[in-house]
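First comes the structure, then the notes that go with it.
The values are calculated or read from the model by the stated rules, or taken from the named source; none is laboratory data. Because the structure is predicted, anything quoted here is derived from the model rather than measured. Every residue, glycine among them, receives a Cβ derived from its backbone with ideal geometry; neighbour counts consider all protein chains shown.
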Amino acid sequence: MKLFIFSLLELCNVLLAGAAQLRQQGRTGIFHGNLGSSSSRSEGLLQRRNATGTSQAMGKSSPSLKLTLANHNGIQYTAAVLLGGQELRAIYDTGSFEVMAISKECSICELHSSQHAYDSSTSKSYRKGTKGSERHFFAGGTVLASEDYETVEVGKAGSNVKVDNMPFWQVTKTDMQVFLNKKANFTAIVGMGHRKKRVDSDAESLVERVGIDKFSICLLPGLANPGYLTFNPEHNLADTAFSKLIVTGDKHWSVDVDQVSTDLNGTPLHSCWTYGGQQKCAAIIDSGTSLIGVPPNAAVMVKTLIKRIKYDCSNLDELPDLVFFIGGKRFALPARAYTVHFGLVNGKPSRCLPAFTDVSMSLKGANIWILGLPFLRHFYTVFDRAGPSIYVADQGENCSPALKVKDPHRIDALIDVKGPHRKPQLPTIADLTQALLPSWAHDNELTQL
């Protein structure tokens, strides 16, 4: 995948260097999914059906748990997951379903000094699968992995989110550069994807198996601030602070987009405006994507916006919002949300970069926007599997939903004077050379989802 933000700013040597590395890496770090495999999952069915977890189906209440997500250069957010008692750093990804881990058997993998691989030889709960290894193909390269079984605990030992005999993919070989150049700040992935069609127990994700119906994600803006993932958060989703969005995707957390707009010196610019005769769009809210993915029919509008960003970020408060109209609601991202700082020099940003990447994907005839980490840093987002729906509120203090807004149809950080006031959003420091692209993206011109 090419990043059009880099071609627009081609005179900036530091950005060009980052772009070259990112193009080589593709989705650096997210290696999950079985997009390239057509083999049957019938083998080992008995083993999979024996997997158990803390779930409503077992007569237990659905567990609640809050995880702190460590911020790695504004591009990767990780929390702990235990496989057979071994703690690994994981990306919790709304764009996938499987649990995956880099294996110690991956002899060519060169991991970051803070990370370590999963070692099945030291686990008492590990069980080998009956199938051989399978290849998985992604924009950033290929992985070879085997499906085995392990006890998986979310967060820490003794967690109330635990599954025994959970199928997981053990990566034994890869050509993805992020795992060969010590760049990845994680060695595992936990999928939390949405799918409309119920699957057999052999293919259930961890959240499906444990019975987690809702989870929220909120990332604090700022230089190196963390984020939070909460399973079954205790919120009144009927509160007018939350906007309910109906999930329309069969295999993605996607919603229909009415239009996207911005302003050019008083002249409105639109894309995806179906009432204006433009190509319709949908948006996928994805915690595994570092940037905002822009479809081809919105590229001109976004390029116009990007050209107005000053090198040193000095005019961010003067730039227009990028506004998404979804389900009749207005979601505005200010410039501080759709830009990142590339490092600091004497306390000031050394470079101001737009947090966009171009994508060419289609879902049910609609072009796709990807609302990745910049969206989750600005809003408080609840994913409801039972709906299926997504609830979005303005982000209040300490990554909590702001409970009062001026207009329930306008969700853009305009807090009611009686409610909690939110400080202006802090800039985010990010290294785009480590950016993650969607796990389900392939290196072709158009992907039909």
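A few remarks follow.
- Matching residues in the range 132-167 - criterion: being closer than 17 Å to ILE212 by Cβ, of a type in the set (Asp, Glu) and surrounded by 20 or more Cβ atoms within 10 Å (Cβ to Cβ): GLU153
- Count of the range 231-245 residues which are in contact with a Ser or Thr (Cβ under 6 Å, 6 or more places away or on another chain) and either among the β-branched types (Val, Ile, Thr) or part of a loop (DSSP other than H, G, I, E, B) (or both): 2
- Candidate set from the range 306-331 (those that are aliphatic (A, V, I, L, M) and out of contact with any helix residue (DSSP H, G or I) (no Cβ under 8 Å at 6 or more places or on another chain)); member that is surrounded by the fewest Cβ atoms within 10 Å (Cβ to Cβ): VAL323
- Subset of the range 100-132 that is more than 29 Å from the chain's Cα centre (by Cα) and of a type in the set (Lys, Arg) - its residue that is farthest from GLY193 (Cα to Cα): LYS124
- Candidate set: the range 168-207, residues that are assigned to a helix (DSSP H, G or I) and within 18 Å of the chain's Cα centre (by Cα); chosen: the one surrounded by the fewest Cβ atoms within 10 Å (Cβ to Cβ): LEU206
- Each residue in the range 247-281 was checked for being within 24 Å of the chain's Cα centre (by Cα) and either without any contact (Cβ under 8 Å) to a residue 40 or more places away in the chain or in a loop (DSSP other than H, G, I, E, B) (or both), and 10 pass.
- Unique match (being outside the structural domain of VAL154 (by TED's automatic domain parsing), assigned to a strand (DSSP E or B), farther than 19 Å from ILE370 by Cβ and not polar (S, T, N, Q)) among TYR228, TYR311: TYR228
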